[in-house]
Structure formats: structure tokens, C-alpha cells
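S.K.: Would you mind keeping the following structure in view while I ask a few things?
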Amino acid sequence: MQMANYKSLSVMKNNVVLFLVVVLAGFIGLTDIYAKGKGSSGGYKSYKEGKAIDGDTFRYKGQRYRIQQYNAPELGQPGAKKATRDLQRKLDSGKYKWSPVAKDVYGRTIVKEKEK
């Protein structure tokens, strides 16, 4: 009887540890989403080192970001190359800042745009 109680206690302990790991990972993810950039105001940050993937998505330090309320043509569609170049120019200019607002179903951080 004591052996059965020990095993169930061990399983319960493993479940608690797993739960805490999941909660901690979620917390770390949320702090990453809502973290303010260095020297930014109101959570807005410049992504000058970013690389445009298409007209509404860019990559910065290994993370993907999608600009809120943009609807650029997908790669391979007419206008896609121009939209991608335009976004890259915005990133390179340093005149625009973005603030994280959410994550989408693809794991990208959704950001809202603000011109400096």
C-alpha cells in the first residue's frame, strides 16, 4: 500500500513540475512580447537591423514580426517584390517604430506601426 502511495505521489510531483515549467515558459513568452525596446517610448522600438521577408513581415534577431493592418501581396503575386522593397526601406530608414501587441497563429509577433 505504501509503494502505491509513493508512486502516485511521484506522478503528482512530476505533473506539478511540468505545470510550473509550462507556466514559466508562457510567462517568459509574454514578457518577450510586451518588452519595451531599449530607449523606446511607450513600447515602440526601431528594428533597423531587420530583414523584410515580404511586404508585411520581417525578421529581426531570429524572430518574425508581422505589421498589424498591413495586407501586402504574398510572394509570387504581382506587387510582392515592390512591397518587400518598400518594407525593407522602412526598416533601413530608422524612421519607423513598432510596438508588439500579440502573437498570431504562426508564432509571429504582431506589431503596430508608428512613424517617428
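The values are calculated or read from the model by the stated rules, or taken from the named source; none is laboratory data. Everything numeric here is computed off the predicted structure, so don't read it as measured data. Here Cβ is always computed from backbone atoms with ideal geometry, including for glycine, and neighbour counts include all displayed protein chains.
S.K.: Among the residues of the range 70-98, count how many are closer than 13 Å to Glu113 by Cβ, over 21 Å from the mean Cα position of the chain (by Cα) and of a type in the set (A, V, I, L, M).
M.R.: The qualifying residues number 0.
S.K.: Only one of these is outside any loop (DSSP other than H, G, I, E, B) and modelled with pLDDT of 75 or more: Lys82, Lys48. Name it. Walk me through how you get there before you give the answer.
M.R.: Numbers: Lys48 fails: outside any loop (DSSP other than H, G, I, E, B).
Sole residue among the options that is outside any loop (DSSP other than H, G, I, E, B) and modelled with pLDDT of 75 or more: Lys82.
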